[in-house]
Every structure is written in C-alpha cells, then in structure tokens.
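First comes the structure, then the notes that go with it.
The values are calculated or read from the model by the stated rules, or taken from the named source; none is laboratory data. Keep in mind the model is a prediction, meaning the values are calculated, not measured. Positions of Cβ are backbone-derived with ideal geometry, glycine not excepted, and every protein chain shown enters the neighbour counts.
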Amino acid sequence: MMENFERFEARDSNEKNYKIILKYGKSLETPKWKDFKGVYSSDEMRKDLTYINSIIKKIEKQRDDLSPSEKEIDEENRKRAMCLEIVLTDQIYDGNWFGEEAMTSKTHKYDDIANGVDMIVEFDKEEPERVALTVDASTASDKHVIEKKIRRNMEKLKNRNCLQEIKYFKSQISDANGRYHKGSLRDLIPVVVGANKGNINKLFEIFSELKFLEENKNETTKTRRGELRRELAEDSIQGIFLKEIKLQLETYIRIIGGQDEKVLKKCGSLLKIIDEVIDEKERDGIFNREKIPQDQTLDNIKHVCKDLE
C-alpha cells in the first residue's frame, strides 16, 4: 500500500469504505425544492414537503421500535444501499457502465420517499419520447426480497394507472431546442439491479480508495488514481447489472405481449439499447457475457424471471 495511503488502513473495513463513499455522495447533484419554482406553486410544494415529513416520522417510529441488534442490521443495510446507489450514479456517468449515451440523475427527496425511486437513467437517443429507466439498487441477494421487488414492478407495468412516475425531475439531457426538462416524468420502466456481498465489497474497496486519493491528491498518487479509474471503468460487475436489466426487460416483453403497446415499445427500445451496450463492451474486451462473474443476486433474478413466466 502506498505511503500516503497509510491512513486508509484495513481496506476490508466496511465502515471506513461507507464513510468515504457517503461523504463523496454529498457532492453529487440532487434536485432541490428551489429548482422547481415556476414549475409548481409554493403551496403545492409545501403540501408535498408536509406529506414526506409524515412518512419520515412513520419510518423513524418503526426504527425506534426495533431491538438494538435489529437497528444495527437496519443501519448497515441502509448504508450499503446508499453506497451502491452513489457508486452506480457515479460510474454510469464517469465509467460509462451503461454506455456513453447513459446519463444518471439522483432523485429529489420527495420521489425518493414518496415514490421509492432512487435513480433515473436516461439515454440520449433521438426518440419521440424520453427513454429512461428507474433503477432500484439492491444490496439484498435474498430471493424473496428480489422476487417481491420484481413482482411489484411487473404489476406497475400491467396496470397502466400504476406505472412509475416521478414528480420532481431534472433532466441531464437537453431537447432539440437546448432546454432541460424540469417537472414530472411518467411511464417509466422500473428495474432492479444488485450484486452479492463479496462483489459489492470489492467494488466499494476500489471506489473508496479512489475517492480518498482524489480528496487527498498529490503527484505521487496520480498513477494509482488512473489505475483505479480504469479498474472501475472495466469492472466486470457492470456485466452483472446489464445482464440483470436485460433479463427483466425480456421478461416484461414476454409477459405483457400485446396487452399494452406503449409499454411494450418502451421496453423494446430499452432492450435494444442494453443489447447494444453489451455488444460494445464485449467488442472492447471489458467482459464476456458468457463469463460474467458468479453472483447470487443475478442468479436469483434469473430464477424469479423464469418463475414469473
């Protein structure tokens, strides 16, 4: 380990990795209430703030009722989920994990709490309608947890009135007139991505070392920082995430069939994009779809998709 990296002791220390990643996450752009002045009235935004505060109080009350050991597990799970969301948001953009045309947006506090959406991934395509996914970054590999999430997403797609929507959205992609959309975004396609504990811990170690060195940068760490950026950009964990999205989109298409042409078209457009990204990454030698690392979350998503059909 490098001399100036001595303070970053015990790379297997999850808590230290969480601390660095969560600190970096605060620097990522997140939509604020003030960004939507002129889009929504002050009264409407005050009502939304009151609503999510009531949800927060209920969540806090539920946590207060947990035993000390349950609280410890809950806190660990929340930190891991937040860290995975931060790494995904960063690397989909900086590492081109979902292709060069993918742009990520963290969601506004309202949509995170009221609509359960952590992240939006848009694709800069010349399409009549915006092509976007909502991504649930899951650190739980348990099949029952994965199944519950995917079944819930499937029900949203089968019931048009329940399709995923976010209210406070700031696009990272301009339209033909150079304007960036602000406001609601409807009819989004939801997917779940995740990886097992071992693969995620390895990812967190690489990412936290990079962010530590970037924060304490000097000439002696320049080479190491470059190595870590390349390591992240080429990390085969992106193959796990892409395969998981592909499996879910294919399942949506097979199950929905001709029931809803609009949803079918959106899923088809997204599947085409994901297939192109996978093909490109295979050509570049980043990963081989037949040799994606063994991962329990990916296996469980395969099983759940098969069971749904």
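Taking helices (runs of 4 or more DSSP H) that do not extend beyond region 22-135, which have at least 3 residues that are farther than 30 Å from I206 by Cβ and touching a strand residue (DSSP E or B) at 6+ places or on another chain (Cβ under 8 Å)?
Details: elements: 42-64, 68-94, 109-114.
Passing ranges: none, list empty.
Which residues, taken from region 175-230, are among the charged types (D, E, K, R) and under 30 Å from K156 (Cβ atoms)?
Of the residues in region 175-230, the ones among the charged types (D, E, K, R) are 175, 179, 182, 186-187, 197, 202, 205, 209, 211, 214-215, 217, 219, 222, 224-225, 227, 229-230.
Correct list: D175, R179, K182, R186, D187, K197.
Evaluate the following for Q238: is it surrounded by fewer than 20 Cβ atoms within 10 Å (Cβ to Cβ) and closer than 26 Å to D275 by Cα? First the steps, then the outcome.
Details: surrounded by fewer than 20 Cβ atoms within 10 Å (Cβ to Cβ): no; closer than 26 Å to D275 by Cα: yes.
Judged against the criteria, Q238 is not a match.
Go through (1) surrounded by fewer than 21 Cβ atoms within 10 Å (Cβ to Cβ); (2) of a type outside the set (V, I, T); (3) out of contact with any helix residue (DSSP H, G or I) (no Cβ under 6 Å at 6 or more places or on another chain) for K266 and report which single condition fails.
K266 satisfies every listed condition except (1).
With the checklist (1) touching a Lys or Arg at 6+ places or on another chain (Cβ under 7 Å); (2) exposed (fewer than 13 other Cβ atoms within 10 Å of the Cβ) in hand, flag the one item N77 doesn't pass.
It fails just one condition, (1).
Take region 241-263 and flag every residue that is among the basic types (K, R) and either surrounded by 13 or more Cβ atoms within 10 Å (Cβ to Cβ) or at pLDDT below 90 (or both). Show your work before the answer.
Our first condition is that a residue be among the basic types (K, R); within region 241-263, this holds for 243, 246, 254, 262.
If the condition is that a residue be among the basic types (K, R) and either surrounded by 13 or more Cβ atoms within 10 Å (Cβ to Cβ) or at pLDDT below 90 (or both), then K243, K246, K262 are the ones that fit.
Condition check: in contact (Cβ under 8 Å) with a residue 60 or more places away in the chain and assigned to a strand (DSSP E or B). Does K167 satisfy that? Please lay out each step first, then the result.
Values: in contact (Cβ under 8 Å) with a residue 60 or more places away in the chain: yes; assigned to a strand (DSSP E or B): yes.
The answer is yes for K167.
With Y180, Y168 as the choices, which residue is within 19 Å of the chain's Cα centre (by Cα) and hydroxyl-bearing (S, T, Y)? Reasoning before the result, please.
Values: Y180 fails: within 19 Å of the chain's Cα centre (by Cα).
Every option except Y168 fails the conditions.
Looking at region 269-309, which of the residues that are outside any helix (DSSP H, G or I) and surrounded by 14 or more Cβ atoms within 10 Å (Cβ to Cβ) is modelled with the highest pLDDT?
So in region 269-309, the residues outside any helix (DSSP H, G or I) come out as 284-288, 292-295, 309.
Applying the additional criterion that residues be surrounded by 14 or more Cβ atoms within 10 Å (Cβ to Cβ) yields 286-287, 292-293, 295.
Numbers: I286: 83, F287: 78, I292: 77, P293: 79, D295: 93.
Among those that are outside any helix (DSSP H, G or I) and surrounded by 14 or more Cβ atoms within 10 Å (Cβ to Cβ), it is D295.
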